[in-house]
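**Student:** Below is the structure I would like to discuss, written out as structure tokens.
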Amino acid sequence: MHCPFCQHVDTRVIDSRVSEDGATIRRRRECEACGERFSTLETIELKLPLIIKGDGRREAFDARKLRQGFDRALQKRPVSEEQIEASVRAVVHQLRMTTEREIASRRVGEFVMAELRKLDHVAYVRFASVYRSFEDVADFREELDRLERDLPAGEGQLPLLEGEPEKVRRR
């Protein structure tokens, strides 16, 4: 690796550390010519499928857009950064595991909804309302009813609507 300070062609690794999730390696390097030290971050480069948008356009997968979607849905919700990162990694993992070269954005949205449903029901409904283009309050109610029906008994999240009991009602 070239030195970013003097452009010398040889640098040596002083220290290497693997990140907590095992996805990156941080290397501390020193230039043999000028003695300056710098850090590099090494990550695995995997080819993820192209995303086919609703209008037929194809674009490369962008993890930043995925994270922004999670951030918007989870805005002002009691979910930790670690939980969000784990969910983003889970969606990326699902994309890696697919053998397809292209995948519809709708399918990526389904992956995101599944993760949001595990994290926070309010965020799930927020995302679903945009993703499924709810037209009116009836669409919201239908999704809330479906969510309530599918929840295990005694699920411990806060109520979806103000005035509902703490534990989710079963029908």
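**Student:** Restricting attention to region 90-108, report how many residues are among the small types (G, A, S), within 16 Å of A63 (Cβ to Cβ) and more than 11 Å from the chain's Cα centre (by Cα). If you could, list the steps in order and put the result at the bottom.
**Tutor:** Start the filter on region 90-108 by keeping residues that are among the small types (G, A, S), which leaves 90, 104-105.
Then drop every residue that is not within 16 Å of A63 (Cβ to Cβ), which leaves 90, 105.
Of the ones still in play, those that are also more than 11 Å from the chain's Cα centre (by Cα) are 105.
Here the count works out to 1.
**Student:** Okay, next question. Of everything in region 113-171, what is modelled with pLDDT of 75 or more and part of a loop (DSSP other than H, G, I, E, B)? Give them in sequence order.
**Tutor:** Of everything in region 113-171, just one residue is modelled with pLDDT of 75 or more and part of a loop (DSSP other than H, G, I, E, B), namely D120.
**Student:** Can you find a residue that is of a type in the set (G, A, S), without any contact (Cβ under 8 Å) to a residue 40 or more places away in the chain and surrounded by 14 or more Cβ atoms within 10 Å (Cβ to Cβ) anywhere in region 49-60? Can you show your working first?
**Tutor:** Within region 49-60, the subset of a type in the set (G, A, S) is 54, 56, 60.
Subsequent filtering for residues that are without any contact (Cβ under 8 Å) to a residue 40 or more places away in the chain retains 56, 60.
Add one more test, that the residue is surrounded by 14 or more Cβ atoms within 10 Å (Cβ to Cβ), and what stays is none.
Looking for residues that are of a type in the set (G, A, S), without any contact (Cβ under 8 Å) to a residue 40 or more places away in the chain and surrounded by 14 or more Cβ atoms within 10 Å (Cβ to Cβ), one finds none in region 49-60, hence no.
**Student:** Give me the residue from region 60-93 that is in a helix (DSSP H, G or I) and of a type in the set (G, A, S) and, out of that set, farthest from R117 (Cα to Cα).
**Tutor:** First pass over region 60-93, keeping only residues in a helix (DSSP H, G or I): 63-73, 81-93.
Okay, now just the ones that are also of a type in the set (G, A, S), so 63, 69, 73, 86-87, 90.
Values: A63: 20, G69: 14, A73: 11, A86: 14, S87: 11, A90: 13 Å.
By that ranking, first place goes to A63.
The values are calculated or read from the model by the stated rules, or taken from the named source; none is laboratory data. Because the structure is a prediction, the values reported are computed rather than measured. Note that each Cβ is placed from the backbone with ideal geometry, even for glycine, and that neighbours are counted across all protein chains shown.
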